[in-house]
Structures are given as C-alpha cells and as structure tokens.
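Student: Pasting a structure here, questions to come.
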Amino acid sequence: MPDLSSRDPDWWRQAVVYQVYPRSFADADGDGLGDIRGVTERLSHLAALGVDALWLSPFYPSELADGGYDVADYRDVDPRLGTLDDFDAMVEEAHRLGLKVMVDIVPNHTSHQHVWFREALAAGAGSVARERYVFRDGRGARGELPPSDWQSVFGGSAWQRVPDGQWYLHMFAPQQPDLNWAHPDVRAGFRTTLRFWADRGVDGFRVDVAHALAKDLTEPLRDLGDPELSGEEALTGMAPGSHPFYDRDEVHEIYRDWRKILDSYSPPRMAVAEAWVPGARRVLYARPDELGQAFNFEYLQAHWDPGELRRVIVDSLAQARAAGASATWVLSNHDVVRHASRLMLPEGTDENAWLLSGGTAPGIDRAAGLRRARAATLLMLALPGSSYVYQGEELGLPEVADLPFATLQDPIWEQTGHIRKGRDGCRVPLPWSVGGPSYGFGESGAWLPQPEWFAGYSVEAQDGVEGSTLELYRRALRLRRKLLEGETLTWAEDGPDGVLQFARSDGWRCVANLSGEPVALPAGEVVISSSPLEADGRLGTDTTAWLT
Ligand code: GLC
C-alpha cells in the first residue's frame, strides 16, 4: 500500500486532493475576503477530513479580473491575502499535519498588470518587449479589424486593441493577455517560478489551461470561420493537433522540460494538467515524462446514467494505464455547477439558462440532490486513481443558483453582455458555523452573499452528527486508505440493471444503485453507505455502498 505520509515519490497516484479557492475558504483578517492565514487556521479541518493534499487556486497579486487567474506577479502573495511568510507558515503547518501542498500555475496568460505587459505597452509596436505576448497589426484599411476571427472563451473577440493601434491576443478576459511560448524569456520565467515554489516546499502544481500554451502564429493567422470552433468543444470534430491554439503537439515539449525541473527535487514534485481535450489526447499530458496527471473532465461531464458512467470509467482507466499515468476523478471545482445540483438537471438542460432562472427552471429538490451527490462521491472514492474534491462538497453544498445579478463578480457576466451568468454560484464563501456575520467565514461579511440556508450546511451543524455529509466524507476517506492496493478494478456482470458494481484487488466491492428501485445487495459486510439502507436491507435508489 502506498505510504502517503512518507516521502513516497508516488504519493499522488491515488491521493485525495482538496481544492481550496482561497478567497472563499476562510477570512482571518476580517476584510470579507479569504486569506492564507485563514487557510492555515482551518488546516485541522482538512486533516480531520482525511485528505492527502490541498491545492490552492491562485493567491498571487491580482486585480481579480478573473478571480485570481489574472496573475500580476507569479512569485508573491496578494497583499490582501497575506505575505510570503504567511505562505511559508501555511506550508509548514500543512506538512506538520501530514498534508501535501499544491499551487496553481497560470502559464497561458498573465494579468495586464504584470511587469512584462506594462513594458510591452510602453515599448510600442515592433519592440522586443511585445514579443513576449501576441501583438499583431489589425486587418482592414486602417487596421481597425481584429487580426483573426478567434473568439475568447469568455465571449467576444479574442483580440483587444491598444491605443497605438496594435492588437493583442487574450483567450480569456482582456485583462489576461496570452503569452508567447516561443519566446525564451517566457520559458525561462516559468522555470524560475516552478523552482521558486518548489524551493519553498510546495509538493505539486496544477497547470491552468495546459492545452493552450503552444499556438500556430504563422502569418497569415488562420481564421476558424465559425465562432463555435474557438471553443474547446470543437476539438472533438477536428484532426488531433490541427487547432491553431488548443492541444497542439508542440505543447508537450514544454512539459517535458518542466518534468526535468520537477524531478530534480526529492521527492519529485507532482503536477496535474487542466486540459479540456478529449480523453485519449488528454492523457498525453499525463505521461510520466510530462506532468504525470491530468484532470478527467469526462467523468465530471457524465450524466447520472449507469451506462454512460461505466463507459467513462472504463475508458478513463484504460487511457490512463496506456499513458503510464494514474486516473483522476473530479465532480466539482470552481468552474462548474456544484454536483449536488448539477446531477439533478435533466439531460439536455442548458445550465446557463438554469442559472439565469435563479435555479427555478427546473427547480431542484435539495434533499434529492444531496442524496445523489453523496452516492456519486462514494462511487468516485472507490475508483482507482486520485480524486479531487472541491471545498464545500464535503458539506454537501448545492450551487447558489439565485445570486442577485448585481452581486456577480465573474468576468463572464460582463463580457458576454449579461448573457452567461458565470461561475460565482460555486464560489460563495464557505459556512463554518451556524451563526455570525458570515457563518464563521470571517468576522465581517463575505465578498459574495451567502444564503440563509447555508447555516444548516455549516461545519458546525454537521460535525459529529451521525449521517451528516461531513461525517460521510470523513468515514469514507478513512476507509479508502484500505482500497489503495493496486490500480485496477473488476466489474461484476451479474447485477441488476442500472447498478454499477465492481471489486478492487483486495476484494472490496462498491455497489452504486442508479436505478429507480431498491436492489438486493450481494453477500458481504456493508462498511459504509451513502444513505441508510432500506428497512429490508436493500440498497435504495441513488445510493452507493462499499462491502468487504
Ligand atoms: C482555468 C481556470 C478558470 C480560469 C481560466 C483562465 O480554466 O480554472 O477559473 O478562468 O483557466 O485562467
């Protein structure tokens, strides 16, 4: 069994990693914004939960044009969130508690406030400083049209004009200019940044938009012809490696270079790619000589459907094995509707329309959503590989779908001209206690409004309470340590329809009932179930159990 507490270089292969979105986790200085000291003070919650590591979303200096993914300085802490000393103290305390620490690296773009971009603007067209980014003259008689038809992920053209008439590329918000990865300064800068954090004791890195760094910028730039083709979804229909800015073959060379740096540490630093590309291509980022791991978004995107889930699990395990990586599983993160709500949306629901309706069309029964979310989690935690859990899912938090429009902070809302509501509903600051100005998040308010029903989901309301979601996660994570033998599973083919059933190598079995009816359990001792068994001992609908 891997010894997660030791210097085992493979600790991450079957770890449970807890994602902290720092501005929404805990606010120690009472300014309404979560901070690093807040994380340190709450590390005991993570240790008691039984996770192996925490991953911090960006805490770097940022004007928050994209919730911190617009980084002004990669080697510092945002003064509103603390100092480098606070960060070091956090790492030290995490390690004392046996928790590994991962940080987010955002290499595709900087903030427009980054010193490189300020230099580029000042230096003018044709300057060496502009070559670190993607500046071009516009089309049209006076250069008044963008250099290509590429669209930003957040809506609108991916090009922004500057006062001297040139345009720069931004795949995300205009405040996030894309870097030119063909430039040696960019390569050297990120090598230094990786070493900066690894030297401070950081155990791993999550690589933001890992699939977008290499771009085909040969002139003339290639128009896509259809705005839809600027989206990651377009990759499914295109020849691998043929998109001008996503998932190009050249990108892998960057990660092979990084791997040498990561492997120069003892133990080697781990890394995980955020790459929204189809599975067989995605695992290329996870090869042992590259990042080692890649988030598996097919699992997150799967519906609560036994056939679809099984297919995704089988494919994901096979693809990870073929790449020499371990599989990963994710149900929620800071970019998607929380799974206690999402899994209840009927197939084909437009999630954005649902958010715009304030979560009323269709309405979701919160208790039913929680039941399903708990079953999905217990299924995920039984799978071989790593699970990434997002802060608040251990409390069973649903999406806050009815945030008033006036409170929205996600740039998607403004940039789409109020068409897409964005991701704030999963970023509402956590409830730690049943009362107080922000349910224990801090001494004052919270930067996004928390609904009154948060009290009932708070840590205080669930701690030590038999049957609570928090206690379910704690127990499951304790039991899971016994499941870490091997990275394979064996499906049972004799179960009822709508039931997923498999065994792990040491005979542990997981049974998930996605059918509409209670089902009989196979022989064995039930060590945990996501909801109580039926009075007659059967496994209810939307329930998962582990048996020995
Ligand atoms: C990633 C992050 C997301 C961010 C985007 C741009 O997808 O997860 O939050 O907006 O990159 O950095």
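The values are calculated or read from the model by the stated rules, or taken from the named source; none is laboratory data. A quick note: this is a predicted structure, and the numbers were derived from the prediction, not measured. Every residue, glycine as well, gets a Cβ built from its backbone with ideal geometry; the counts of neighbours run over all protein chains shown. Note: areas computed on protein heavy atoms with side chains; ligands, DNA, RNA excluded. Shrake-Rupley method; radii C 1.70, N 1.55, O 1.52, S 1.80 Å.
Student: Restricting the search to the range 280-304, which residues are touching a strand residue (DSSP E or B) at 6+ places or on another chain (Cβ under 9 Å) and in a helix (DSSP H, G or I)?
Tutor: Residues satisfying the conditions are R282, V283, L284, Y285, A286, F297, Y299, L300.
Student: Moving on to the next point. So which residues in the range 320-350 are more than 18 Å from L514 (Cα to Cα), open to solvent by 20 Å² or more (accessible area, probe 1.4 Å) and more than 16 Å from the ligand (Cβ to nearest atom), if there are any at all? Quick ask: steps written out before the conclusion?
Tutor: So the first thing to find is which residues in the range 320-350 are more than 18 Å from L514 (Cα to Cα), and the list is 320-330, 332-338, 348-350.
Remaining after also requiring open to solvent by 20 Å² or more (accessible area, probe 1.4 Å): 321-322, 324, 335-336, 348-350.
R321, A322, G324, G348, T349, D350, listed by residue number.
Student: Identify, please: which residue in the range 166-179 is open to solvent by 10 Å² or more (accessible area, probe 1.4 Å) and within 14 Å of T416 (Cβ to Cβ) and is, among those, farthest from the ligand (Cβ to nearest atom)?
Tutor: So the residue we want is P174.
Student: Suppose we filter V428, V400 for residues that are over 30 Å from G486 (Cβ atoms), within 16 Å of the ligand (Cβ to nearest atom), open to solvent by less than 10 Å² (accessible area, probe 1.4 Å) and among the aliphatic types (A, V, I, L, M); which single one remains?
Tutor: None of the other options fit; the residue is V428.
Student: Could you figure out which of (1) within 25 Å of P58 (Cβ to Cβ); (2) within 16 Å of the ligand (Cβ to nearest atom); (3) not charged (D, E, K, R) isn't true of L235?
Tutor: (1)
Student: Here is a further query. Among what's in the range 229-266 and is outside any helix (DSSP H, G or I) and hydrophobic (A, V, I, L, M, F, W, C), pick the residue that is farthest from G155 (Cα to Cα).
Tutor: A239
Student: Given the conditions (1) part of a helix (DSSP H, G or I); (2) over 19 Å from the mean Cα position of the chain (by Cα); (3) within 18 Å of A182 (Cα to Cα), and given that G307 satisfies all but one, which numbered condition is not satisfied?
Tutor: Among (1) part of a helix (DSSP H, G or I); (2) over 19 Å from the mean Cα position of the chain (by Cα); (3) within 18 Å of A182 (Cα to Cα), G307 violates only (3).
Student: On to the next question. Tell me, please, whether a residue that is closer than 20 Å to A72 by Cβ and without any contact (Cβ under 8 Å) to a residue 24 or more places away in the chain can be found in the range 152-170.
Tutor: Checked against the condition, which is being closer than 20 Å to A72 by Cβ and without any contact (Cβ under 8 Å) to a residue 24 or more places away in the chain, the range 152-170 yields at least one hit.
Student: If L49 passes every condition in (1) within 16 Å of the ligand (Cβ to nearest atom); (2) in contact with a strand residue (DSSP E or B) (Cβ under 9 Å, 6 or more places away or on another chain); (3) not β-branched (V, I, T) but one, which one does it miss?
Tutor: Every condition holds for L49 apart from (1).
Student: Could I ask something else about it? Out of (1) out of contact with any helix residue (DSSP H, G or I) (no Cβ under 9 Å at 6 or more places or on another chain); (2) open to solvent by less than 40 Å² (accessible area, probe 1.4 Å), what's the single condition that is false for E253?
Tutor: So E253 meets the others, but not (2).
Student: Also: So if I check each of P163, P220, P147, which one is more than 16 Å from the ligand (Cβ to nearest atom) and crowded, with 21+ Cβ neighbours inside 10 Å?
Tutor: Working: P163 fails: crowded, with 21+ Cβ neighbours inside 10 Å; P220 fails: crowded, with 21+ Cβ neighbours inside 10 Å.
Of the residues listed, the single one that is more than 16 Å from the ligand (Cβ to nearest atom) and crowded, with 21+ Cβ neighbours inside 10 Å is P147.
Student: Let me ask you something else. Does D73 meet the test of being outside any loop (DSSP other than H, G, I, E, B) and open to solvent by 10 Å² or more (accessible area, probe 1.4 Å)?
Tutor: Against the criterion (outside any loop (DSSP other than H, G, I, E, B) and open to solvent by 10 Å² or more (accessible area, probe 1.4 Å)), D73 does not qualify.
Student: Moving to a separate point now. Across the range 91-116, which residue is farthest from D66 (Cα to Cα) among those that are in a helix (DSSP H, G or I) and among the aliphatic types (A, V, I, L, M)?
Tutor: Here the residue is A94.
Student: Just to be sure, is R281 open to solvent by 10 Å² or more (accessible area, probe 1.4 Å), modelled with pLDDT of 95 or more and over 21 Å from D335 (Cα atoms)?
Tutor: Details: open to solvent by 10 Å² or more (accessible area, probe 1.4 Å): yes; modelled with pLDDT of 95 or more: no; over 21 Å from D335 (Cα atoms): yes.
No: the conditions fail for R281.
Student: Hey, another quick one. Testing M102 on (1) closer than 21 Å to W12 by Cα; (2) open to solvent by 10 Å² or more (accessible area, probe 1.4 Å), one condition comes back false. Which one is that?
Tutor: That leaves (2) as the condition not met.
Student: Note down all Cβ pairs under 7 Å where the first residue falls in the range 27-55 and is in contact (Cβ under 8 Å) with a residue 60 or more places away in the chain and within 21 Å of G436 (Cβ to Cβ), the second is aliphatic (A, V, I, L, M) and open to solvent by 10 Å² or more (accessible area, probe 1.4 Å), and they're at least six residues apart or on different chains.
Tutor: Note: pairs meeting the criteria are D27/L33; G32/A446; G38/A28; H45/V459.
Student: Take the conditions closer than 23 Å to D66 by Cβ, open to solvent by 50 Å² or more (accessible area, probe 1.4 Å), in contact (Cβ under 8 Å) with a residue 12 or more places away in the chain and part of a helix (DSSP H, G or I) and apply them to L121. Does it pass?
Tutor: Yes.
Student: Could you give every pair whose Cβ atoms fall below 7 Å, whose first residue belongs to the range 186-213 and is open to solvent by less than 10 Å² (accessible area, probe 1.4 Å), and whose second residue is part of a helix (DSSP H, G or I) and among the basic types (K, R), counting only separations of at least 6 or pairs across chains?
Tutor: So the pair list comes out as V186/R132.
Student: Taking D78, is it open to solvent by less than 20 Å² (accessible area, probe 1.4 Å), more than 13 Å from the ligand (Cβ to nearest atom), free of Cβ contacts under 8 Å to residues at least 40 places away in the same chain and not basic (K, R)?
Tutor: It is true that D78 is open to solvent by less than 20 Å² (accessible area, probe 1.4 Å), more than 13 Å from the ligand (Cβ to nearest atom), free of Cβ contacts under 8 Å to residues at least 40 places away in the same chain and not basic (K, R).
Student: How many of the residues in the range 502-531 are open to solvent by 30 Å² or more (accessible area, probe 1.4 Å) and over 30 Å from the mean Cα position of the chain (by Cα)?
Tutor: The number of residues fulfilling the criteria is 12.
Student: Do the conditions hold for L317, that is, is it within 16 Å of the ligand (Cβ to nearest atom) and either farther than 21 Å from G540 by Cα or open to solvent by 20 Å² or more (accessible area, probe 1.4 Å) (or both)?
Tutor: no
Yes or no, residue by residue, for (1) of a type outside the set (D, E, K, R); (2) out of contact with any Phe, Trp or Tyr (no Cβ under 6 Å at 6 or more places or on another chain):
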| residue | (1), (2) |
| --- | --- |
| L381 | yes, yes |
| I412 | yes, no |
| R423 | no, yes |
| W453 | yes, yes |
| G456 | yes, yes |
| G464 | yes, yes |
